[in-house]
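Note sheet for the following structure.
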Amino acid sequence: MAEVGTVCDVLVVGAGPGGGNAALQCSRQGLSTILIEDHPEIGTPVHCGECISEIACQNLNLTLPEEVISKRVKGIRVIFPDGTDKCLTEEGYVLEKHLFERWIADEAVTAGASLHLRHKLLSMERMEGDSFGGWICDGKGDQFPIRAKIVIDASGVAAVCSRLVKPDDDSPLNPKGKVIAGMQYELLDVPSDGYLDFYIWPKYAEKGYLWMIPKCDGRANVGLVTEDKPRTKKALDEFITDTHFSDLEQVLPPWKGKGSPAFGGTIPISGPFDCTHHDGLMLIGDAAGFTSPLFEGGSHLALKSAVFAAQTAVKAISEGNLSSERLSEYTRLWKAEFPPYDKILRGKTALFELSDDEMSVMATCFPDEMSDMGASGKAMVGFRLLLRRPGLYFKKIVPAMLAFGYSRAKYYGW
Ligand SMILES: Cc1cc2nc3c(=O)[nH]c(=O)nc-3n(C[C@H](O)[C@H](O)[C@H](O)COP(=O)(O)OP(=O)(O)OC[C@H]3O[C@@H](n4cnc5c(N)ncnc54)[C@H](O)[C@@H]3O)c2cc1C
C-alpha cells in the first residue's frame with residue numbers, strides 16, 4: 001500500500017441519502033470529514049420510488065428545498081387483489097431523488113465536508129498502535145490512500161466494508177444478505193388524486209408489490225419489487241399491459257440521457273446485519289440492511305442511522321477511543337429506535353401465505369382508513385373476519401395486519 005496521503009477524522013463511503021447525511025452531521029459537529037462516491041455524479045442512476053414521509057422529514061429536521069420536491073402526496077392507498085382499496089393517510093413527498101441527494105451532499109460540503117466523486121473504496125487496512133488507531137483506505141481515485149479514524153459505510157446494497165473487513169482474517173464482517181429486485185418506468189399523463197398507489201398483487205409481484213408513485217406534471221413512477229428476480233421486467237410489462245396504464249407513454253426520466261426507460265436496483269431483505277459496528281467502523285442505511293420489510297422503503301432509516309453514527313463518531317473521537325466496544329453505542333441507538341424487523345417480517349410472511357381471495361376478504365374487513373386503527377379498530381377487524389370467514393381469523397391474520405401498521409411513517413415505513 002502506498003504512503004498515506006489524505007487524513008481525516010471520518011471517511012464516509014457512498015453519497016446516497018445515508019452517506020450525505022452522515023457527512024453533513026459529522027462536519028456540522030466539527031469532525032474533518034471526507035465523503036467519497038464511486039459514481040461520477042450523485043444520485044444517478046436513481047434506484048428509488050422517490051417517496052419520503054412528512055414524519056420522516058420532521059424526525060430528521062429536514063426542511064426540503066422546493067426544487068427537490070416533485071409532488072406533495074396524501075399518503076398510501078393499498079390495493080388488494082380484487083381491487084378493494086384501503087388508505088394509510090399520512091402526508092409526504094415524492095422527490096426528485098437525485099436532486100435531494102445532491103442537496104444533502106451540498107449541505108455537507110457547506111458544513112465543511114470534502115466531497116470526491118469517482119472515488120471507489122477497494123481496500124482497508126488497520127492502523128495498530130497501543131490501541132486501534134484507524135483505517136488506511138485505498139481505492140480508485142486521486143485522494144487515496146485516505147487515513148481515517150472512523151469509516152462510515154454508506155455504500156448501499158454493495159455493503160463494501162462488510163466484505164473488505166475480515167475480523168478473523170478469513171470470513172467477512174457480515175455475510176452477503178438476500179436482496180429483492182425493483183424496477184420502474186416513468187409514465188406520462190397518469191391519473192392521480194395525490195395518493196401513492198401500492199398494489200399487493202402477487203400474480204405480478206411475488207412477495208412484493210407494485211406501485212404508482214405520482215410526480216409533478218402528470219408524471220409517475222410505475223414499478224414493482226419482486227422476489228422473482230428473473231421475471232422483474234416481464235412482470236412489470238405485463239402489469240402495465242393489463243391495467244389502465246397500458247395506453248400511457250413511457251419516457252426516459254429527465255436524468256437519463258439515453259438507453260432503456262426502465263430503471264431500478266436491488267433492496268436488502270435479510271434485515272439488519274448482525275454486526276453494524278466494528279473497530280473504527282459503522283454501517284448505515286442499506287449497507288447495514290436497514291429497510292422496511294413490507295414496502296421496502298429505506299431512505300428514512302438511512303438518514304436516521306446516519307445521525308446515530310455521526311453522534312457516536314463525535315463522542316468516540318473526542319474520547320480517543322475508536323474501539324468496537326466504544327462504537328457499540330451506535331448499535332444500541334438504532335436498536336432502541338428502529339421497529340422490530342423480525343416481527344414485521346413475520347407479518348409480511350403471513351400476508352403472503354394468504355391466497356389472493358383470502359387477502360381480499362381480509363381487506364374488506366379493514367376500515368377504509370387504516371392509519372388510525374386503535375385497539376378497538378383491530379378488534380372490529382377481528383369481529384368482521386369471524387363473521388365473514390372464521391377460518392381466516394385463525395390464519396395468522398393478526399401478524400399480517402400488524403405488518404401494515406408497522407409500514408406507517410412513524411415506524412420508518414417511508
Ligand atoms: C426500485 C426501488 C425503489 C425504492 N423506492 C423507495 C422509496 O420510494 N422510498 C424509500 O425510502 N426507499 C426506497 N427504496 C430504497 C432506497 O432507495 C434505499 O433504501 C436508500 O437509497 C438507501 O440509501 P443509502 O444511502 O443507504 O444507499 P444508496 O442510496 O444505495 O447509496 C449508496 C451509494 O454508495 C455508492 N457506493 C457503493 N460502493 C461504493 C464504493 N466502494 N466506494 C464509493 N462509493 C460506493 C453508490 O454508488 C451509491 O451512490 C427503493 C429502492 C429501489 C431499488
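Over region 1-50, with every protein chain in place, what whole percent of the accessible area is carbon and sulfur at 1.4 Å, could you tell me? Don't jump to the answer; show the numbers that get you there.
Numbers: 850 of 1710 Å².
Answer for region 1-50 is 50 percent, counting heavy atoms of protein chains only.
I'd like the orientation of helix 356-365 relative to the chain: the angle between its Cα long axis and the longest Cα principal axis, in ° from 0 to 90, rounded to 10.
80 degrees
If we sort 110-116, 90-96 on the protection proxy, mean other Cβ atoms within 10 Å, highest first, what's the order?
Details: 110-116: 17.3, 90-96: 20.6.
Those peptides, ordered most packed to least, come out 90-96, 110-116.
If you take every DSSP beta bridge whose two residues both sit in the chain, what share of them, in percent to the nearest 5, is antiparallel? Don't skip to the end; give the middle numbers.
Working: 49 of 72 bridges.
Of the beta bridges lying entirely in the chain, close to 70 percent run antiparallel.
Using the heavy atoms of the protein chains alone and a 1.4 angstrom probe, what is the accessible area of region 122-205 per residue in square angstrom? Could you put the intermediate results ahead of the total?
Numbers: 3800 Å² over 84 residues.
Ligands and nucleic acids excluded, the figure is 45 Å² per residue.
What 222 nm value per residue comes from the helices of the chain, counting each DSSP H run with n ≥ 4 as -39,500 (n - 2.57) and dividing by all residues, nearest 500 deg cm²/dmol? Walk me through the numbers before you get to the answer.
Details: 12 runs with 133 residues, N = 414.
When only DSSP H runs of four or more count, the value is -9500 deg cm²/dmol.
To the nearest 10 degrees, how steeply does helix 324-337 sit against the main Cα axis of the chain, on a 0 to 90 scale?
Roughly 20 degrees, rounded to the nearest 10.
Leaving ligands, DNA and RNA out of it, report the carbon-plus-sulfur percent of the accessible area of region 291-414 at a 1.4 Å probe. All intermediate terms of the calculation are to be shown ahead of the outcome.
Numbers: 2960 of 5260 Å².
Carbon with sulfur: 56 percent of the solvent-accessible area.
Measure off, as a whole percent, the carbon and sulfur share of the 1.4 Å-probe accessible area of region 98-229, all protein chains present.
Details: 2680 of 5590 Å².
Carbon-and-sulfur percentage of accessible area, whole number: 48.
Over region 323-403, with the other protein chains present, what is the accessible area per residue in square angstrom, probe 1.4 angstrom? Display every interim value, and only then the final one.
Values: 4170 Å² over 81 residues.
Heavy-atom accessible area per residue stands at 52 Å².
Do you know the relative contact order of the chain, to the nearest whole percent, from alpha carbon pairs under 8 angstrom that are 6+ apart? Display every interim value, and only then the final one.
Details: 921 pairs, mean separation 81.6, N = 414.
Relative contact order for the chain comes out at 20 percent.
Using the reciprocal of the averaged 1/r over all distinct C-alpha pairs, how large is the Kirkwood radius of the chain in Å? Please report the intermediate quantities before stating the final value.
Working: mean 1/r = 0.0453 Å⁻¹.
It is 22.1 Å.
Compute the relative contact order of region 86-235 as a whole-number percentage, counting only Cα pairs closer than 8 Å that sit 6 or more residues apart in sequence.
Values: 206 pairs, mean separation 21.6, N = 150.
After rounding, I find 14 percent.
Using Cα pairs under 8 angstrom and six or more residues apart, how large is the relative contact order of region 23-134, in percent?
Details: 158 pairs, mean separation 45.6, N = 112.
Across region 23-134, relative contact order equals 41 percent.
Highest first, please rank the peptides 301-313, 127-139 by the mean number of other Cβ atoms sitting within 10 Å of their residues. Let's see the in-between values first.
Numbers: 301-313: 25.9, 127-139: 16.6.
Order by mean packing, descending: 301-313, 127-139.
The values are calculated or read from the model by the stated rules, or taken from the named source; none is laboratory data. Here the structure is a predicted model, which is why all the values come from computation and not from measurement. Using ideal geometry, Cβ is built from the backbone for each residue, glycine included, and neighbour counts are taken over all protein chains shown. Each accessible area value is taken on the protein alone, full model and side chains, heavy atoms only, with ligands, DNA and RNA left out. Shrake-Rupley method; radii C 1.70, N 1.55, O 1.52, S 1.80 Å.
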